[in-house]
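Have a look at the structure below, then the notes.
The values are calculated or read from the model by the stated rules, or taken from the named source; none is laboratory data. Just so we're clear, the structure is a prediction, and the values are computed from it rather than from any experiment. Here the Cβ positions follow ideal geometry from the backbone for every residue, glycine too, while neighbour counts run over all protein chains shown. The area values use the complete protein model at the heavy-atom level, side chains included, leaving out ligands, DNA and RNA. Shrake-Rupley method; radii C 1.70, N 1.55, O 1.52, S 1.80 Å.
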Amino acid sequence: MAAVTALRSGCRTAGRLVCAHHVRSCSSIRFVKSKYVCVFDKSAFKFSRQQRLFRTSAVSCGQIVQFKLSDIGEGITEVTVKEWYIKEGDSVSQFDSICEVQSDKASVTITSRYDGIIRKLHYNLDEIAYVGKPLVDIEIDASKGVAPEEDVVETPAMSHEEHTHQEIKGHKTLATPAVRRLAMENNIKLSEVVGTGKDNRILKEDILNYLAKQTGAILPPSPKAEIIPPLPKSETVPTAPKDKARKIPVPVSRPVVFSGKDKTEPITGFHKAMVKTMSAALKIPHFGYCDEIDLTQLVQLREEMKPLAQIRGIKLSFMPFFIKAASLGLLQYPILNASLDESCQNVTYKASHNIGVAMDTEQGLIVPNVKNVQVCSIFEIASELNRLQALGSAGQLGTNDLTGGTFTLSNIGTIGGTYAKPVILPPEVAIGALGKIQILPRFNGKGEVFKAQIMNVSWSADHRIIDGATMARFSNLWKSYLENPASMLLDLK
Amino acid sequence: MVLQSSFKNCLQLSCILRTPKAGFRDAANGGLIIQSLSNDVYHNLAVEDWIHDHMNLENRQVLFLWRNSPAVVIGRHQNPWQECNLKLMRQKNIKLARRRSGGGTVYHDLGNINLTFFTTRKKYERMENLKLVVKALKALRPQLNIHVTDRYDILLDRQYKISGTAAKLGRTTAYHHCTLLCNADKFVLSDVLKSPYKGLKSNATPSVPASVKNLFEEDPSLTCEMLLDAIAEEYAMQHQIDHHITLINPTDETVLPGINNKSKELQTWEWIYGKTPKFSVSTCFNMVYKDSVLDVKVDMDVKHGRIETCNIDLPEQWLPPALCSELVKSLSGSKFCPTETTALSSTLLRMCPQDDELHSKWNLLCENMTMLM
């Protein structure tokens, strides 16, 4: 321990000794020595790197360099600027993409040669840019200097994304896209590299140092896809911070800092319309009514009907039954298929039962409806549902399919859940949410326990024109049709 | 197939032949020919991106052979509304992809082969590549009258275009790819590459239409496989490598780490439509309602694929002005997309007074608006 402490204090003054956190177990002196030699230059480099970093965080007022458009090849002298990836005032790193230019069917990504801040764009979009003439002016950080023309490390052109986070086995590793590419090209796992940048960010130097440590040079990737370090993996870099904490009496615990940024986007298009609809729905005084339905008989019936429908080319789910039973119920309680006008003066009883089915698509929640369910057979409802589902997943539902609904059912149970609190879609006055079908123990008439297929339903209705009793009676009727599907035969037209 | 004598090369080559998972990045010096196992246009474009971004091409060049199931591929800076019939493509389930290279719009199907030549930026040379293709075709069928134009097209009988070219240059690497029509469906091609959208004004790169012909029409014994093989053989000869084609699966993350993210990005709306340069739509259409015909004038500015400004000129009082302005306000900022517009307009209708006539007028107007997209 003492030896280590001595080393560490020596570190500060001499500036050339091994940084403490690279010292392994003290018991093996020989071990320490070899590591000492290996890491010797790296730590010195790191130290000076940290000093450099500290300096660069201060306000920089460096020189302005004119970055000229380099040779495109094939004797091309002029190109059209098609897209700027940066704007004046943005900071860029070496290899970040600056713009996209086009010349005669070739699209060229121009990347920055320097780290710095963009001070001037010499061309607007669709203007002609000339090879050899300035493209942008970059203010370079005085302390960093101008990067060499030919780069030792090959890192390819990059998009202009901000520093992205990468989840590797649950650890967030910070590294710029350019650094990431470098790591990937050399088959290095970022989780094994110690970052020396801000917030443990991995810098290009860290990758280079990691490589130098392993092989002494930057090699093309080996078929084995792993660069074998001189030490067994368990003792390499990731354990370093732990060692540090154990050996060094001086607390160096850095607080875990999450440097993700909030992202604000405007609400547009369909979502904006939904905001309006839902705000209006809020004005409707909702009341809820829930119940559980025993679908044991219906499950059996559907199993029998499925192959028959398949022969006719239709996929049969439970929804056609739910929809038809609802329509039969609406015949007895037409107030649930009505609409209240804006001034709440008149109630319109809709003749058609256009029952909407909530669908989850790429756009979000879409509610196409099956028209005139009161005159459709269960098979017809099933085939219409198939058509709507196919159009919905292709994003091709038409306005006719999406408008004119009078009553809605939402089968949220296909995703999950039991009870829900659905929101009525204006101008309708009622909605039902169906939970998932669960197998639960229930008592039958003889007091015996049996396996029942139970589904929960949650109704919401407009209390201005619908009362609890009406909703309860409608629900009971709907429930009786589904619990005993044969009873539907009596009332089918 | 003769393995090269040097031990180092031998080892590396055998690595590819026996252990595809080892990664083909370690190809023997000189060249590498790879062929995609997939016909998905997005996966294949992602492979191009991957090679461009991750492979070290200092000492070797790569030829990538691929074919796609029906798709329309537009150039980096093009406007899909200007270039193709999006409505027809949706109906026929033909995909739309935007590639990263420049150039014009092409139609791909399994009767078309795609060739991508990867080199370092310094060795980028399109004419040489196309001459290689012509040489290979002539070796296969000497009677073919084909030549390369200075626009980098390959013409058959000095008239018909059988190949188009595009290229992408990065900081250190570049690729040049071209199509080759063997036995593509010319009827679908011409239908799908005809834009029905009127009144578009844009600075996007326009395509130059050309008469096309399939090589199959010239010689019915030709198949895509034969063409691919002939070109691979010529490439192998010129680069002094084995005529061996490595097959790759463009969804295999072990060989191509990060490839699935690349193909996902190519499929996003933001890339395919959102990268369209700013354009404006200024058009009018007729609507037939009951017994009258109405003239409607529409002006829209679209930026990043979203409607920036929108103006609809309707006959006065046909629709309540409040409703009309509600529609216009909602369209601003919305995607220039029929699905989005339909969803938006049908949701807005819930807020309108419950009047059947009003509803049918609204639906009629919105349907016509979506026809523009």
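Here the range B:30-273 is treated with +1 on each Lys and Arg Cβ and -1 on each Asp and Glu Cβ, and its dipole about the Cα centre works out to around 980 debye. In a reduced charge model with +1 at each Lys and Arg Cβ and -1 at each Asp and Glu Cβ, the range B:279-372 shows a dipole moment near 340 debye about its Cα centre.
Projecting the Cα positions of A:Ala325, A:Leu301, A:Ile335 onto the charge dipole of the range A:271-337 (unit charges on Cβ atoms of Lys, Arg, Asp and Glu, taken about the Cα centre) puts A:Ile335 furthest along the positive direction. Annotation: amide H of B:Gln61 within the under-5 Å range of B:Gly30, B:Gly31, B:Leu32, sequence separation 5 or more or interchain, hydrogens built in the peptide plane. For A:Leu295, the residues whose amide H sits under 5 Å from its own are A:Gln453, A:Ile454, A:Met455, ignoring neighbours fewer than 5 places away on the same chain, with H placed 1.01 Å from N. Using the alpha carbons alone, the radius of gyration of the range A:331-459 stands to its Kirkwood radius in an Rg to Rh ratio of 1.04. Estimated from the Cβ-Cβ distance and a Förster radius of 41 angstrom, the FRET efficiency linking A:Asp71 and A:Gln396 is about 0.30.
Residues whose amide H falls under 5 Å from that of A:Ile98, counting only those 5 or more places apart or on a different chain, are A:Ile110, A:Thr111, A:Ser112, with hydrogens built in the peptide plane. Dividing the mean sequence gap of close Cα pairs (under 8 Å, 6+ apart) by how many residues chain B holds gives a relative contact order of 17 percent. Accessible surface buried by the A/B pair amounts to about 5100 Å², both sides summed, 1.4 Å probe. As a length-normalised measure over Cα pairs under 8 Å and 6 or more apart, the relative contact order of the range A:63-140 settles at 43 percent. The slack between A:Leu490 and A:Thr264, meaning 0.36 nm per residue of separation minus the straight C-alpha distance, is 75.7 nm. Which residues does the label zone of B:Lys123 cover in the range B:216-245, counting backbone N under 17 Å from a point 7 Å along Cα→Cβ? Once the point is set 7 Å along Cα→Cβ of B:Lys123, B:232-244 turn out to lie under 17 Å by backbone N, inside the range B:216-245. Please give, to one decimal in nm, the separation of the simple spin-label points placed at B:Lys131 and B:Leu88, each 7 Å out from Cα toward the Cβ. Distance between the two pseudo-spin positions: 3.9 nm. Counts of other chain beta carbons within 10 angstrom of each beta carbon in peptide A:397-407 average 6.
What number, rounded to the nearest 500 deg cm²/dmol, is the helix-based mean residue ellipticity at 222 nm of chain B, given -39500 (n - 2.57) per DSSP H run of at least four residues and division by all its residues? Result for chain B, helices only: -10000 deg cm²/dmol. At an R0 of 60 angstrom, the distance between the Cβ atoms of A:Lys421 and B:Gln143 translates into a FRET efficiency of 0.20. Between B:Asn260 and A:Gln345, the C-beta separation translates, for a Förster distance of 51 Å, into a calculated FRET efficiency of about 0.30.
Coupling constants for the range A:63-70 follow from the phi torsions by the Karplus curve (6.51 cos²θ - 1.76 cosθ + 1.60, θ = phi - 60°), and in residue order they are 7, 9, 10, 8, 8, 8, 6, 7 Hz; glycine and proline get x.
Relative contact order, whole percent, for the range A:290-446 stands at 21, derived from Cα pairs under 8 Å and 6 or more residues apart. Comparing Cα centroids, the range B:121-164 and the range B:190-208 end up 27 angstrom apart.
Residue-wise HN-Hα couplings along the range B:185-196, as the Karplus relation 6.51 cos²θ - 1.76 cosθ + 1.60 with θ = phi - 60° gives them from phi, are 7, 5, 6, 4, 4, 6, 5, 7, 8, 10, 7, x Hz; Gly and Pro carry x. The radius of gyration of the Cα set in the range B:279-372, together with its Dmax, comes out at 12.7, 39 angstrom. Full extension of the chain segment joining B:Lys198 with B:Met237 gains 9.1 nm, where the gain is 0.36 nm per residue of separation less the Cα-Cα distance.
Where does the Debye-calculated log10 I(q)/I(0) of the range A:429-470 sit at q = 0.20, 0.34 Å⁻¹, using only Cα point scatterers of equal weight, no solvent? The calculated log intensity ratios at q = 0.20, 0.34 Å⁻¹ are -0.71, -1.10.
Charge dipole of the range B:169-216 (Cα centre as origin; +1 on each Lys and Arg Cβ, -1 on each Asp and Glu Cβ, all else neutral): 180 debye, rounded to the nearest 20. Note that the range A:327-339 has calculated 3J(HN,Hα) couplings of 4, 4, x, 5, 5, 7, 10, x, 4, 6, 10, 10, 9 Hz, one per residue in order, obtained from phi through the Karplus relation 6.51 cos²θ - 1.76 cosθ + 1.60 (θ = phi - 60°); glycine and proline are x.
Restricting the calculation to alpha carbons of chain B gives Rg and Dmax of 24.7, 86 angstrom. Which one, A:Gln438, A:Ile355, A:Leu402, is farthest towards the positive end of the dipole of the range A:279-490 when Lys and Arg carry +1 and Asp and Glu -1 on their Cβ? Toward the positive end, the furthest listed residue is A:Gln438.
Take each peptide in A:360-371, B:171-182, count the other Cβ atoms within 10 Å of every residue, and average; sorted highest first, the result is B:171-182, A:360-371.
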